[in-house]
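The values are calculated or read from the model by the stated rules, or taken from the named source; none is laboratory data. The structure presented is a predicted model; accordingly, all values stated were derived computationally and were not measured. In this analysis, Cβ positions are derived from the backbone assuming ideal geometry, glycine residues included, and neighbour counts consider all displayed protein chains. Calculation scope for accessible area: heavy atoms of the full protein, side chains included, ligands and nucleic acids excluded. Shrake-Rupley method; radii C 1.70, N 1.55, O 1.52, S 1.80 Å.
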Amino acid sequence: MAPIFYGSLLVASLVCTAIYICKWHKHFNTNISMIFAFIPISIMGFLYFSVSKNIGEAVSAQKLMYLGSSFLQLFMLLSLFNLCRIEIKKWQRLTLFVLCLLSYASVLTIGYSDGFYRNMSFSISDGMPVLERDYGWMHTAYYALVIVFFVMGFIAIVYSWLKKRQVPRTIILLLVIPYVIVMISCFAGKRTLFGIDLVPAGYLLAQVMYLIICVRMNLYDVADTAIDSLVHEKAIGYISFDFRNRYLGSNSTARTIVPELEELAVDDVFGHKESENKILHFLESFKQEPMNNSFEYTFHPEGGNSDDTRYYNVNVSFLYDGRVKRGYIITFTDDTENKKWLKFMDDYNEKLQAQVEEKTRHIVKMHDNLIMSLAMMVESRDNSTGGHIKRTSEGVRILIDEILKEGKINVSNEFCQDVIKAAPMHDLGKIAVDDAILRKPGRFTDEEYAKMKCHAAEGARVIHEILLNTDDDSFKKIAENVAHYHHERWDGSGYPEGLSGEQIPLEARIMAIADVYDALVSKRVYKEAFGFEKADGIIMEGMGTQFDPGLKSVYEKARPKLEEYYLGEV
């Protein structure tokens, strides 16, 4: 009966080991693999003892039993440390191994000394082999070491439960079960049932529990499961190299992205062919500056069209073996859909921007035409200033051109465009002047002139209301200043505020020259047009009193173009 029982346990144990081999993953801890190797060895020792015919066979069976059980305690403890993420140093692992080795060495003395077993006798009772023996001091040391291992294991389990929050609670609970089973088997299982030792049954139960732990462990190992998931993701390619740029391997996705890899043998030096230069560039850039590890790679399938083009984000990092750097790994992540979406959005935004700009230009043009129409409507009420808006606007443009050419005055292109655009609005305030004054065919009286001067401030108010909701604050401010201050004088004797010098906004100072120049060379109801020489003399004489002397050189350079323009208007 005993051989059948032990034989059944051995078969079941080997089946468990076979299942473990099928489930085996390269990231499994080595200690667990050793547990699945030593449990069948220990059970085999019990089977061998159950069929032994003499003391020699019985002693050999005992040595085989202890071979399994001696090292089983060590590998259970080391696997527990690993699963609970408790780090122990190499010398500590080596010390524990040496202790187990010495313990088993004492087992090997059975039959040669009485240190482990004393006074041995062999007999067969009811068909079952019986080995009578007294235990020596080495056996006591053996059990002491087993107890030390069990205590260390339970301390590690309790510590992990209380302190290691990143260790799964389920794994900790599952680890308790095989520990308890093996402990009971070692210390209480020596009692037999119908002459059968129950220790190997305890080992088998522990083996089953370790199978369950392995299955659960894969779920909790985020790093390993993430790597496995990425490896099976066809959108991601991997190429690895050692520090000498020797090719170590790649997945099928990488070989599709970089077809040259199909012809490259493992351990060949990468980078000899011109087609490999781009990938080599990624490696060399990373070597020079490890922070520079992100690149882009475009793949055009042979014989494909532009729609088949794939875009990849490339990442270069170190290839690790545990904690040791062994080379480089290049990762290709398919970014095609994202790139196509971004291109679609860019094209869409460009079209939308073009439409918005076109609509904006149309609105601005309508706005400008409305303002110009309002300005011309105001001008049509004034008998003395026919064409004044058009001429002064051109005069401002000519002066602005010279300011930009000269480069002495620091102004932006936006400022210049705004001043030219605001020039037609400088006399909008005349809309509030009574027709009797505005259309008077002669000179104004002092009272009439006082009312006429109100048009400057009124013009600023009108423009402020017209442009109240515009988004272009810069133009609004310039337009208000041109209307409000174009009659101010450099010496402070102008109106409406009596500003002087640089208190007067630059745009108003420019407008003042163009406005007065047009008044001088144009015919009015109260005077004939002055000649260019006389008008120039008056303007030059006013530099420093009426006009900004800083604009003197600008005016002098603009004078030929002003005269040419006005000759064309005659």
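Candidates Leu352, Leu283, Leu342: the one that is surrounded by 15 or more Cβ atoms within 10 Å (Cβ to Cβ) and either over 30 Å from Asn469 (Cα atoms) or at pLDDT 80 or above (or both) is Leu283. Taken together, the residues in the range 312-339 that are surrounded by 11 or more Cβ atoms within 10 Å (Cβ to Cβ), free of Cβ contacts under 8 Å to residues at least 24 places away in the same chain and small (Gly, Ala, Ser) amount to 0. Residues that are surrounded by fewer than 22 Cβ atoms within 10 Å (Cβ to Cβ), touching a Lys or Arg at 6+ places or on another chain (Cβ under 9 Å) and among the acidic types (Asp, Glu) within the range 483-536 comprise Glu502, Asp536, listed in sequence order. Only one entry in Ala436, Ala456 is within 21 Å of Gly498 (Cα to Cα) and either touching a residue at least 60 places away in the same chain (Cβ under 8 Å) or among the small types (Gly, Ala, Ser) (or both), namely Ala456.
Any idea which residue in the range 6-33 is farthest from Arg93 (Cα to Cα), counting only those that are part of a helix (DSSP H, G or I) and in contact with a Ser or Thr (Cβ under 8 Å, 6 or more places away or on another chain)?
Tyr6
Just checking, which of Ser50, Ser60 is open to solvent by less than 40 Å² (accessible area, probe 1.4 Å), polar (S, T, N, Q) and more than 54 Å from the chain's Cα centre (by Cα)? Result of the check over Ser50, Ser60: Ser50. Beta carbons closer than 7 Å, at least 6 apart along the sequence or on distinct chains, pair a first residue in the range 93-105 that is assigned to a helix (DSSP H, G or I) with a second that is among the hydroxyl-bearing types (Ser, Thr, Tyr) and open to solvent by less than 80 Å² (accessible area, probe 1.4 Å) for Cys100/Ser70; Ser103/Ser70; Ser103/Tyr142; Tyr104/Tyr66; Tyr104/Ser70. Here Phe475 does not qualify as aromatic (Phe, Trp, Tyr), touching a Leu at 6+ places or on another chain (Cβ under 9 Å) and surrounded by fewer than 18 Cβ atoms within 10 Å (Cβ to Cβ).
Would you confirm whether or not the range 388-403 contains a residue that is closer than 19 Å to Val521 by Cβ, out of contact with any Phe, Trp or Tyr (no Cβ under 8 Å at 6 or more places or on another chain), at pLDDT 80 or above and in a loop (DSSP other than H, G, I, E, B)? Checked against the condition, which is being closer than 19 Å to Val521 by Cβ, out of contact with any Phe, Trp or Tyr (no Cβ under 8 Å at 6 or more places or on another chain), at pLDDT 80 or above and in a loop (DSSP other than H, G, I, E, B), the range 388-403 yields no hits at all. Taking the conditions exactly as written (within 50 Å of the chain's Cα centre (by Cα), surrounded by 14 or more Cβ atoms within 10 Å (Cβ to Cβ), modelled with pLDDT of 85 or more and under 26 Å from Phe38 (Cα atoms)), does Leu205 satisfy them or not? Answer is yes for this residue.
Number of residues in the range 448-473 that are of a type in the set (D, E, K, R) and in contact with a helix residue (DSSP H, G or I) (Cβ under 9 Å, 6 or more places away or on another chain): the value is 5.
Scanning the range 410-442 for residues being surrounded by fewer than 13 Cβ atoms within 10 Å (Cβ to Cβ) and farther than 29 Å from Arg524 by Cα gives a total of 4.
Kindly indicate the residue of the range 523-570 that is part of a helix (DSSP H, G or I) and aromatic (Phe, Trp, Tyr) and also farthest from Leu404 (Cα to Cα) among those meeting that condition.
Among residues in the range 523-570 that are part of a helix (DSSP H, G or I) and aromatic (Phe, Trp, Tyr), the one farthest from Leu404 (Cα to Cα) is Phe532.
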